[in-house]
Amino acid sequence: MCSDACLHHLYPKQLVLAMSTQYSVLVVGGAGFVGHHLAAGFLADPTFAVFVLSRSAASSKNQLKGAKYIAGDLTDRPSIKAVVEDVRPTVVVHAATPSPVTGTAKEYECVNFLGTRNLLKCAKESQHVRAFIFTSSSTLAKGAVHDNLDETCALANSDPKAPAYARVKANAEIMVLHANYPKPVEFEAEDASEGANWAGYLATASLRLPFVYGTGDHTAIPGVLNALAEGQTTTTIGDGKNLWSYCSTGNAATAHILLAFALLKPPSQIDASRRVDGEAFNINDGSPFPFWGFPKVCWKFAGYDPKPFPKVTHLPNWFVLSLATFLEWVYWMFTVGTKRPYKLGMQQVEYMCYTHTYSIGKAQKRLGYEPKLDFENDVKKAVEWCLDEGGWRAKLKGNKLVKSS
């Protein structure tokens, strides 16, 4: 996280002193997997008071001591406006989203686009909100193969065949970045005083995250452990060599904190070559890892580590992609578009088949982002959390493939 030493390294002394005043951050979707870790990151920095907005705020088991939880729905603009007026956040972090795997096109449109528009409008009308961070997704890039893409890549909203999640996420990010309108430098002295009015002004930026791993995961790693429970450890789609960019929850949180400070930076302190407002940034661990190697690491920490590893069956991409297309059509027809396949949806299959890697050079240069990489240890902690807290140790007990669980 961003310590005092980190701040003095990134910013001049006078700016660090200005930042010693406590700000407030509203983490929307902060009861979810990624959002919980973002809230924890901000909470660990004494610069910020942390508020969490979530539909499940009252019932969430992810509540952090020291953060205030507020129930709210992004699709209800009047209630969101009331929350923003009550909390008066300096920074809004928008991390709410339906599942990229099981969410429907309608849910994405309601939450990821219309909900983002509601939140963005409320933030811009607020006298107190100065910065808006959109927690975006690397999957918004156009095409099935993403090979070391940077932030100038074409986006999925221009491809009608792209997954709905990617298209809507791209449209939402574009909307957020177009809303960027920071206060000009001539207001800097005025804004240093207490009670400055920020209505109509807003510095916005976006962080594109790939596959995020860490403790508290109820989707990805449980899916991997389910494959182990069902004995699905020897089948691979494609040649199994496709690489992926992964991101630890710690690195995701660090990037959000760095971006928040950068967006709050006084205009006179901004170097034109390092501007961050109105910009998108790829964030990940910086070291790609084989997509099909990730489940093997997870299985190892769950107790599956055969020597030698069994012979793997490789299913051709075309076959599984055709099957996924058929399943999507069947689900759409019989559920009237309200459900999608959990295991073989088109988006999941494309993930399995193709490389998805992204350059973090821009974030390193402009945000001073340097990922901490302890991949296997972080994955081990995440798997152990699923085993102990997620109930998977009991589910795998007695499984012949698991030597110790």
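Taken together, the values in this text are just the output of simple stated rules run on the coordinates, not laboratory data. Only a predicted model underlies this, so the values are computations on that prediction, with no experimental measurement involved. Note: ideal-geometry Cβ built from the backbone for every residue, glycine included; neighbour counts use all protein chains shown.
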>> Given a Förster distance of 35 Å, report the FRET efficiency between LYS400 and LYS68 from their Cβ-Cβ distance, rounded to the nearest 0.05.
In response: 0.15
> What's the FRET efficiency of PHE187 with THR219 using the Cβ-Cβ distance as r and R₀ = 60 Å, to the nearest 0.05?
Replying inline: 0.85
> What ranking do VAL383, VAL297, VAL111, VAL92 get, fewest neighbouring Cβ atoms within 10 angstrom at the top?
Replying inline: VAL297, VAL111, VAL383, VAL92
>> Let me check the size of the range 62-153 from its C-alpha atoms; what are the radius of gyration and Dmax in Å?
In response: 15.4, 44
> THR313 to ASN148: extension gain in nm, 0.36 nm per residue of separation minus the Cα-Cα distance?
Replying inline: 56.6 nm
>> Based only on other Cβ atoms within 10 Å, what is the fewest-to-most ordering of LEU74, LEU155, LEU26, LEU263?
In response: LEU155, LEU263, LEU74, LEU26
> How big is D, in µm² s⁻¹, for the range 142-282 by Stokes-Einstein at 10 °C and 1.306 mPa s if Rh is the Kirkwood radius over C-alpha pairs?
Replying inline: 86 µm²/s
> Pairs LYS65/LYS169; LYS142/LYS365; LYS142/LYS296; LYS65/LYS397; LYS296/LYS381; LYS121/LYS265: which are spaced more than 26 Å apart, C-alpha to C-alpha?
Replying inline: LYS65/LYS169; LYS142/LYS296; LYS65/LYS397
> Suppose R0 equals 45 Å; then what is the FRET efficiency for TRP385 and ALA196 from their Cβ-Cβ distance, rounded to the nearest 0.05?
Replying inline: 0.60
> Order of TYR165, TYR181, TYR201 from fewest to most other C-beta atoms within 10 Å?
Replying inline: TYR181, TYR201, TYR165
>> What are the extents of the Cα atoms of the range 246-309 along their three principal axes, in Å, largest first?
In response: 61, 18, 14
>> How would the range 27-87 be classified by its alpha-carbon gyration tensor: rounded, prolate or oblate, with rounded meaning a/c under 1.5 and the a/b versus b/c comparison settling the rest?
In response: oblate
>> Let me check I've understood the local charge: for ILE360, count other residues with C-beta under 14 angstrom from its C-beta, Lys and Arg +1, Asp and Glu -1. What total comes out?
In response: 0
> Roughly what would the spin-label model give for GLU370 and SER273, points 7 Å off Cα along C-beta, in nm?
Replying inline: 1.9 nm
